[in-house]
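Reviewing the structure listed below.
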Amino acid sequence: MKKAIILIILLIISNIILVSAFIKFIISPTSKYNEIVYFEIKQGEGANSIANKLKLQGLIRNAKLFSLISKYLKYDRKLLSGYYELNRTMSMIDIMKHINSGKQVMSKLTIAEGKNIYEIANYLEEENFTTKEEFLKLCHNKEILKKYNIPAESVEGYIFPSTYYIVKGNPPIVLLNLMIDSLFEKFPRADFENRAKKLGYSLHEVLTMASIIEKEMGALDDPKIISSVYYNRLSIDMRLQADPTTIYAMTLQKGDAIETVKSREIADAIRLMQSPYNTYLKKGLPPSPICSSGVRAIEAALNPANTDYLFFVADGTGKHVFTRTYEEHVDNINKYIFNKK
């Protein structure tokens with residue numbers, strides 16, 4: 001009788017050991033090799049669905065056990081939706097804790113000053129955040145234009161250049177709203193409109209001016225002096241004659257970013273392109289900004305220097321030389337461009 005009892009006890013112990021070993025194996029990492037796996041939990045998705053997806057992606061060995069343990073440990077109540085960075089070296093419990101923490105994957109996206117929506121779209125596609133077609137469609141979305149009171153066909157110029165951290169997997173509209181909101185966080189709308197009004201222009205027109213300044217200014221320039229040149233030209237009904245606006249007209253015609261433009265192509269476009277962005281043919285500001293402007297360019301557009309300059313030319317050192325008369329300007333072109341002096 002004693003032997004039978006001992007045998008039964010040994011069998012129970014051995015079964016417990018076997019079951020424990022089996023459970024330990026089931027909840028252990030699926031691999032010893034460090035491999036990142038991005039995992040998405042959709043809004044309203046339950047523990048069973050999450051468990052099945054984890055099993056399909058090879059992150060856990062048993063979906064039913066995941067559901068049971070998560071329910072027992074009450075993790076099933078806080079398996080938060082989002083985009084997570086998991087690893088095959090994580091155990092089942094580690095995965096539960098990580099998803100339960102809500103620590104989602106963040107993408108770092110840097111929008112540089114002077115980039116237009118076509119260049120930004122290409123960049124976002126390269127970063128696997130969205131397709132350029134989807135982003136450009138959003139940039140022309142009438143509801144977004146209405147939401148931000150943008151009197152143009154796109155959000156060009158309203159995307160604030162900065163570094164953004166956004167949850168990977170979020171729809172691109174979240175990023176676009178964030179980038180436009182950032183502009184008005186830096187330059188509160190009411191204050192921006194009042195400062196623009198004092199200049200005799202609208203917020204939209206000042207952003208348009210800022211975008212031209214952004215594209216024209218050199219690294220060592222005082223952008224407020226460049227700003228003064230363009231405002232001075234507008235005040236005497238003189239054409240702005242800004243190459244970047246004509247290049248933007250070419251961009252719109254192509255429907256994509258232009259990487260390089262030859263001088264001959266610009267010259268032909270200046271002569272022939274009938275576009276409201278060709279400021280060699282059309283007077284006044286173009287219909288909308290031509291790129292995203294940084295703080296220095298926007299401040300320069302809001303606070304131009306007090307000068308009587310009408311012309312400037314690059315001197316090859318990262319800045320420009322400014323003149324009042326066309327004759328002086330031609331002399332500087334010969335000096336700095338054609339090296340005739």
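Which of the following residues is open to solvent by 40 Å² or more (accessible area, probe 1.4 Å) and touching a residue at least 24 places away in the same chain (Cβ under 8 Å): A297, A314, A301? First the steps, then the outcome.
Details: A297 fails: open to solvent by 40 Å² or more (accessible area, probe 1.4 Å); A301 fails: open to solvent by 40 Å² or more (accessible area, probe 1.4 Å).
None of the other options fit; the residue is A314.
Looking only at region 231-246, how many residues end up being crowded, with 18+ Cβ neighbours inside 10 Å and either without any contact (Cβ under 8 Å) to a residue 40 or more places away in the chain or touching a strand residue (DSSP E or B) at 6+ places or on another chain (Cβ under 7 Å) (or both)?
Number of matching residues: 3.
Only one of (1) of a type in the set (S, T, N, Q); (2) over 30 Å from K42 (Cα atoms); (3) in contact (Cβ under 8 Å) with a residue 12 or more places away in the chain fails for S182. Which number is that?
It fails just one condition, (2).
Filter region 95-127 down to the residues that are farther than 30 Å from E214 by Cβ, without any contact (Cβ under 8 Å) to a residue 24 or more places away in the chain and of a type outside the set (G, A, S) and list them by number.
K97, H98, K103
Restricting to region 62-110, what's the tally of residues that are outside any loop (DSSP other than H, G, I, E, B) and within 27 Å of the chain's Cα centre (by Cα)? Can you show your working first?
First, pick out the residues of region 62-110 that are outside any loop (DSSP other than H, G, I, E, B): 63-72, 75-78, 82-87, 92-101, 106-110.
Filter again for within 27 Å of the chain's Cα centre (by Cα), leaving 82-86, 99, 101, 106-110.
Total satisfying the criteria: 12.
Give K283, K262 a once-over and let me know the one that is open to solvent by 80 Å² or more (accessible area, probe 1.4 Å) and either farther than 22 Å from A210 by Cβ or of a type in the set (D, E) (or both).
K262
So, I173, is that one touching a strand residue (DSSP E or B) at 6+ places or on another chain (Cβ under 9 Å) and either more than 16 Å from S292 (Cβ to Cβ) or not in a loop (DSSP other than H, G, I, E, B) (or both) or not?
Numbers: touching a strand residue (DSSP E or B) at 6+ places or on another chain (Cβ under 9 Å): no; either more than 16 Å from S292 (Cβ to Cβ) or not in a loop (DSSP other than H, G, I, E, B) (or both): yes.
For I173, the condition - touching a strand residue (DSSP E or B) at 6+ places or on another chain (Cβ under 9 Å) and either more than 16 Å from S292 (Cβ to Cβ) or not in a loop (DSSP other than H, G, I, E, B) (or both) - is not met.
Between residues in region 202-213 that are in contact (Cβ under 8 Å) with a residue 40 or more places away in the chain and open to solvent by 10 Å² or more (accessible area, probe 1.4 Å) and residues that are of a type in the set (V, I, T) and not in a helix (DSSP H, G or I), which pairs lie under 9 Å by C-beta distance while being six or more apart or on different chains?
H204/I150
Please specify each residue of region 73-119 satisfying the condition of being open to solvent by 50 Å² or more (accessible area, probe 1.4 Å) and among the aromatic types (F, W, Y).
Y83
The values are calculated or read from the model by the stated rules, or taken from the named source; none is laboratory data. Please read these numbers as outputs of a predicted model, since none were measured by experiment. Because the Cβ atoms are built from the backbone with ideal geometry, glycine has one as well, and the counts that use them run over all protein chains shown. Protein only, heavy atoms only, side chains kept; ligands, DNA and RNA dropped before computing areas. Shrake-Rupley method; radii C 1.70, N 1.55, O 1.52, S 1.80 Å.
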